[in-house]
Amino acid sequence: MKAMVIERYSEQLQLRDLPDLEPGPQDVVVRVRSNGICATDLKMIDGLVSTVTLPHILGHETAGEVTSLGHEVRGLSIGDHVTVYPTHGCGYCDACRTGFENHCLDAPRTGFEIDGGYSQYLVTRGRNAIKIDSNVPFEEASVLPDAVAAPYHGLVQRAKVTGGETVVVIGVGGLGVHAVQIALIMGARVIAVDVTEDKLKAAEEFGAESVLAGGDDSPSSQVKALTDGKGADIVVECVGGEGVSGILDDCIKCLKLGGRLVVLGYAYGQPLSVDSAELIYGQWSILGSRASTLQDVVEVVKLTESGRLKPVVTQRFPLEKANEALDMLRNSSPLGRIVLTS
Ligand SMILES: [Zn+2]
Ligand SMILES: [Zn+2]
């Protein structure tokens with residue numbers, strides 16, 4: 001099978017021919033048809049994720065067809081279309097037993113500590129391969145476990161968004177375009193902020209009530225003007241990167257009394273600072289949101305199958321062109337996801 005492999009940090013991935021994969025008793029082998037590219041992949045290439053060992057195959061947003069399966073796997077058959085939940089929770093710790101595999105301290109992840117979907121095939125546990133209707137295109141199915149389920153986890157499980165609340169989405173990229181949709185499905189009104197016009201247009205098309213052009217000035221005064229001077233119930237930060245500290249300052253200024261900030265975009269070494277008095281008197285909740293749970297992925301699969309949620313993929317590259325796709329992500333911040341197809 002062909003795969004794009006990280007052999008040395010900060011260098012181009014190498015196209016390699018690797019031996020075929022065999023499933024263990026509880027595993028499935030998936031013929032990868034689409035794999036989404038995430039900004040975290042760039043961090044792994046740069047050697048910033050300490051749990052990764054080389055050589056490594058990236059890819060934690062994968063969909064494809066089951067081609068073989070171990071004898072203990074239930075509920076899946078050869079030919080089924082699946083999307084792959086990356087976290088292999090141990091199943092035995094308190095976190096796993098209460099449904100929070102994303103908190104499991106002993107959980108290797110597909111595309112991080114386990115080889116992922118920058119490949120024609122991958123092997124995963126049957127439990128992590130979630131069946132999805134064959135009407136959903138592979139490219140849309142592939143981005144569900146991360147680009148869609150991560151904002152779902154942030155908004156639904158962490159911020160517990162409810163109907164009628166005002167949600168400000170900062171950054172309408174791969175995560176934010178789905179945050180807009182999820183907030184609307186949950187009955188919130190959405191204000192979207194971005195620096196580029198096409199992303200604001202997309203947010204509007206998906207149903208955002210107001211869109212604001214971000215830039216040098218904080219959007220807080222406009223957010224306050226749109227909320228009777230109060231501020232937003234929830235702000236979701238979906239930008240990350242080196243400028244994230246300044247963006248988080250702006251996010252905090254948009255919060256109403258009792259508001260919640262969900263942080264989805266990040267960069268190593270970039271702090272979030274908040275005046276302790278303002279935090280107390282504002283009664284703000286600052287919510288880190290770590291990836292997603294299996295339950296989140298099951299729910300976004302159902303929302304997608306029913307047509308209520310539309311995973312947004314804007315660029316496609318063949319697997320062999322992974323380096324070009326990664327360069328595009330590094331040098332721009334596209335609306336929706338870039339995927340690799342094979
Ligand atoms: Zn990711
Ligand atoms: Zn566990």
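Read the figures in this text as sums done on the coordinates, not as results from a lab. Bear in mind that the values here come from a model prediction, so they are computed numbers and not experimental data. Heads up, the Cβs are rebuilt from the backbone with ideal geometry, glycines too, and the neighbour counts pull from every protein chain shown.
Shape analysis of the stretch 21-80 based on the Cα gyration tensor places the equivalent ellipsoid semi-axes at 28, 14, 8 Å, largest first.
By DSSP, the beta bridges lying fully in the chain are antiparallel in about 50 percent of cases. The tail of the calculated P(r) for the stretch 103-159, taken as Cα-Cα distances beyond 15 Å, holds 64 percent of the pairs. Computed with the Debye formula from one identical point scatterer per Cα of the stretch 92-228, without solvent, the log10 of I(q)/I(0) at q = 0.14, 0.15, 0.22 Å⁻¹ comes to -0.80, -0.88, -1.31. For the pair D198 and T314, the difference between a 0.36 nm per residue extended length and the Cα-Cα distance amounts to 40.6 nm. Seen against the Cα atoms of the chain and their longest principal axis, helix 322-331 is set at about 10 degrees.
Here the gap between L105 and M328, fully extended at 0.36 nm per residue and compared with their Cα-Cα distance, gives a gain of 77.0 nm. Extending 7 Å from the Cα toward the beta-carbon at both Y268 and L48 defines two label points whose distance is 0.7 nm. Looking at the stretch 252-317, the chymotrypsin sites (Phe, Trp or Tyr not before Pro) that sit in a DSSP loop and have at most 16 other Cβ atoms within 10 Å of their own Cβ are Y268.
Taking only DSSP H segments of four or more residues, each worth -39500 (n - 2.57), what value at 222 nm results for the chain once the sum is divided by all its residues, to the nearest 500 deg cm²/dmol?
-6500 deg cm²/dmol
The count of lysine pairs in the chain whose Cα atoms are under 20 Å apart, excluding pairs fewer than 8 places apart on the same chain, comes to 14. Here the 3J(HN,Hα) profile of the stretch 205-213, calculated from phi with Karplus coefficients 6.51, -1.76 and 1.60 at θ = phi - 60°, is 4, 7, x, 4, 6, 9, 10, 10, 7 Hz, Gly and Pro shown as x. Taken along the Cα-to-beta-carbon direction at a fixed 7 Å, the label points for H71 and S276 span 6.2 nm. The phi torsions of the stretch 293-304, fed into the Karplus equation with coefficients 6.51, -1.76 and 1.60 and a -60° offset, translate into couplings of 9, 4, 4, 4, 5, 4, 5, 6, 4, 5, 4, 6 Hz, rounded to whole numbers, with Gly and Pro shown as x.
For E205 and D217, the difference between the fully extended length at 0.36 nm per residue and the C-alpha to C-alpha distance is 1.9 nm. Roughly how tilted is helix 176-185, in degrees to the nearest 10 and between 0 and 90, from the longest Cα axis of the chain? For helix 176-185, the angle is close to 70 degrees. Taking every DSSP bridge with both residues inside the stretch 87-214, close to 10 percent are antiparallel. Per the Debye formula on identical point scatterers at the alpha carbon atoms of the stretch 148-288, with no solvent, log10 I(q)/I(0) at q = 0.17, 0.18 Å⁻¹ is -0.83, -0.94.
Can you give the alpha-carbon Rg of the chain over 2.2 N^0.38 Å, where N counts its residues?
Values: Rg = 19.7 Å, N = 342, 2.2 N^0.38 = 20.2 Å.
The reported ratio for this selection is 0.98.
Across T67, T196, T227, mean-square fluctuation computed from a Gaussian network of the chain (C-alpha pairs under 10 Å connected) peaks at T227.
3J(HN,Hα) along the stretch 189-204, derived from phi through the Karplus expression 6.51 cos²θ - 1.76 cosθ + 1.60 where θ = phi - 60°, amounts to 9, 10, 10, 10, 10, 7, 9, 10, 5, 5, 6, 5, 4, 5, 4, 5 Hz, with x in place of Gly and Pro. Charge tally for T67 (other residues, Cβ to Cβ under 14 Å; Lys, Arg +1; Asp, Glu -1): -3.
Under 5 Å from the amide H of A188 lie the amide H atoms of G164, each residue being 5 or more positions distant or on a separate chain, with H modelled from the backbone and absent for Pro and chain starts.
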